[in-house]
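Here is the structure we will look at.
What follows draws every value from the coordinates through simple rules; no lab data is involved. Predicted model, so just to flag it, every value in this text is computed and none were measured. Backbone-built Cβ (ideal geometry, glycine too); neighbour counts: all protein chains shown.
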Amino acid sequence: MESYTLIVTEKPDAAMRIASALDKKGKAKKLEDNGVPYYVAYRDKKIVVVPALGHLYTVTEESKGRNYYPVFNYRWVPRYVAERGAKHIQTWLKTISKLAENADTFISACDYDIEGSLIGYCILKYTCGEKENVSKRMKYSTLTKKELENSYEKMLPHLNFSLIEAGRTRHEVDWLYGVNLSRALTIAARNWSGKYATLSTGRVQGPTLKFLVAREKEIRSFVPTPYWEIKAEVEINGTTFEVEYEKGIIETKHEAKSIIEACKGKEGLIEKINVRQFKQMPPTPFDLGTLQSEAYGLFGYTPRRTLNIAQRLYLDALISYPRTSSQKLPPAINYEAILKNLSKAAQYRKLAEELLAKPELKPKEGKKEDPAHPAIYPTGNLPERVLSEPERRIWDLVVRRFMAVFEEPAIRQSMKAVILVNGHRFYLRGRRTLKEGWLHFYEPYVRSEEVILPDIKEGEKINVKRVILEDKFTKPPPRYNPGSLLKKMEEMGIGTKATRADIIQTLYDRKYVRDERIVVTDLGFEVLEVLEKYCPKVVSIKLTRELEERMDKIQMNSERRENVLIDAIDILKPTLEELKEKEEEIGEQLSKAIKRARLEDRIVGTCPICGTGKLMILYSRKTGKRFIGCTNYFKGVCNASFPLPQKGTVTPLRRNCRECGWPLVQVRIKGKRPWTLCFNPNCPSKERRKT
Amino acid sequence: MKCVICNREAVKKGYCELHFKAYNNIIEKYDVWKKSSEASWKEYLNSIIKNPLTGEWAREVAEYLIKTVENDVEKI
């Protein structure tokens, strides 16, 4: 049988792109074995490209059973051995193994980062029969034909073992933390209550929850204090302008009132006009974190959603590899070629041509670097299919950001006129753009407020129409949202660009937090309290960051993985002993919190009938039917009750009906679109429907 | 001993750790309120109870304190 080169990729889409790019005629043949796709291409010789499905191997314990801890003995196994619902992986591995039998050359073409390197390594070692030391490596940042061909021609002679070591260590340390601590919590709660509930924590999850709890504590114990602001309305050339008092915050009502009295009915005099020009620098190219924050701010997409969309665009060869922490755009990516290709799209033609007319293209870069990939940039390819609206938005954002970084800074002018009113100063502020620069390229995504002031001169007298006193209160610190939390994790150096979004999602899935403006639930509080009380080291942000740094050092060959693993176990051992010793106490605390969380889940809102009780989803003892009832029923105060649909699931929406102000619930029935239900029988919306 | 407001373990002055933090905030911020708007202790507590910016635990403590306002005035 003809021998061939076997290329392993991370995902099926990447396999298809690589095979098509490497095939002489650009038409690789798609074949299937037991439903597993692979591609055959011809170049200098026959090439078979087979995809993985992300990680096909995982870490699991040596011995069976899930009901014990500590566990320090582990091994790498195919995912179907360790995970329920991963049976399809077995077929996948069989196909790869079969294809490896007749291959004489092996190449890993998985994404060039920790995860991709580990995926390729595991397949080459375990599935292809210890081929990891004879395998070569393709390195690329985009799935464009040109770059893939180049990466094949100039492939690296061997795998990047330091990346692999770093990946293995990260997975093993995370597994040790996750399995042991999660089991300790789950087993403690189950042993105390006799009921099972999944509780989890991990090396990064705990410290992340810690930020959220710290913020929640500040918000919940916040006491606002009063202060006052003074504004005035002045008339200049027939137009009214609002001016602000020189002191932004006035601490006492007495002082505020005396200023108002002094300025009332008095004329204003323009004492001074300050005009200042300043440069507004272009933004830096997107690394994953800034793309996720920007997409959250502009479109409200969660970090995980943005990553998924970016990943799809990458697999469509529209943008470069998104899991990067780089803010650099090396000239090797060929700025000019990208812009020329982008200019083929009507919406970018004019902008791209403007940039191409420049004598030199030099991007404004950020400080962050990534040894494996440049910042996220458009490849210049245009979509071969109709993009969904979210995909179109993210692609457009990446394209415009890319163009903006090559542009000149914007030149803005700020103007401050000082108006003297009976010895008190007020400021009239204006702001305008003198030269758009990069703002023109990034226009839909950047807000530049323009306040153009009238023609005024120093010494001019103006009419003060009104002086306004505003009562204000200090505000609690803002709640984190998925975007700002991701930024915080990045700032604190915990988690990786690839895992942060998933960690935030896990906090939601475990019901430790809820809502978009993140609120920590009682369960979240209790879990963190247990961790802080019995194992403060595992939620220490400092220790987590240090461990993170040491794992990064493995990647640079300046730390040994064995040392990191031994130290991780040294931290975990005494912690787990303490948890085991206090299991009953912890179990009681967590079980009560779980019970409260489950009750909280069923609370619909305040009872609109009695105004003091809470409406809850209850079940009739007699009939077993589901309904909404008031908690005050048990005190004999209120007997409000409302029927509910008996099929599907009903979840409180935590918002009120626009028509009647009663709380709303959502009903989900399999196969039907979920709908919002106002259970108020007299809601005007229902009345209208009847007529 | 249990917290006078919730079911948690009381750590100081009859409050659990969380409500004690809120209690401390209420005491500290009273000086600012007194200076800025000359509010009495009772007026202050009523104002923060009504204020939507007040945190949940601080409101609970304020509601509890208002019930025992006479004693607290003496203390302060």
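The magnitude of the dipole of the stretch A:288-404, with charges of +1 and -1 set on the Cβ of Lys/Arg and Asp/Glu and taken from the Cα centre, is near 140 debye. Of the residues B:Thr68, A:Thr324, A:Thr60, the one with the fewest other Cβ atoms within 10 Å heads the list, and the complete ranking is B:Thr68, A:Thr60, A:Thr324.
The fewest-to-most ranking of A:Thr127, A:Thr302 by surrounding Cβ atoms within 10 Å reads A:Thr302, A:Thr127. Remark on the stretch A:607-690: hydrodynamic radius 13.7 angstrom, per the Kirkwood mean of 1/r across alpha carbon pairs. Among the listed pairs B:Lys21/B:Lys50; A:Lys125/A:Lys146; A:Lys537/A:Lys595, those with a Cα-Cα distance over 23 Å are A:Lys125/A:Lys146; A:Lys537/A:Lys595. In the stretch B:18-75, the alpha-carbon atoms span a convex hull of 76 Å³ per residue. Of the trypsin sites (Lys or Arg not before Pro) found in the stretch A:248-346, those that fall in a DSSP loop while having at most 15 other beta-carbon atoms within 10 Å are A:Lys264, A:Lys266, A:Lys344. Across chain A, C-alpha contacts under 8 Å between residues 6 or more apart give a mean separation that, scaled by the residue count, equals a relative contact order of 13 percent. In plain terms, if you count all Cα to Cα distances in the stretch A:313-386 and split them into 10 Å steps from zero, the share in each step is 19, 47, 30, 4 percent. Between the alpha-carbon centres of the stretch A:263-290 and the stretch B:1-67 there is a gap of 40 Å.
Ordering A:Thr58, A:Tyr38, A:Asn150 by Cα displacement along the dipole of the stretch A:4-159 toward the positive end leaves A:Tyr38 in first place; charges were set at the Cβ atoms of Lys, Arg (+1) and Asp, Glu (-1). Here's the list of lysines a cross-link from A:Lys64 could span, going by alpha-carbon distance under 23 Å and ignoring same-chain residues fewer than 8 apart: A:Lys87, A:Lys195, A:Lys573, A:Lys580. Each of A:Phe211, A:Phe406, A:Phe441 has some number of other Cβ atoms within 10 Å of its Cβ, and from fewest to most they run A:Phe211, A:Phe406, A:Phe441.
Charging the Cβ of each Asp and Glu at -1 and of each Lys and Arg at +1, and nothing else, the dipole of chain A about its Cα centre rounds to 2600 debye.
Across all Cα pairs in the stretch A:382-469, the calculated P(r) in 5 Å bins from zero up to the longest distance comes to 3, 11, 15, 14, 11, 10, 8, 9, 7, 6, 3, 2, 1, 0 percent per bin. Of all DSSP beta bridges in chain A, what percent run antiparallel (nearest 5)? Counting only bridges with both partners in chain A, antiparallel ones make up about 90 percent.
Rounded to the nearest 20 debye, the dipole size of the stretch A:607-690 about its Cα centre is 420 debye, using +1 on the Cβ of Lys and Arg and -1 on the Cβ of Asp and Glu.
At q = 0.08 Å⁻¹ the log10 of I(q)/I(0) for the protein assembly as shown amounts to -0.93, computed by Debye summation with a single uniform scatterer per C-alpha, solvent ignored.
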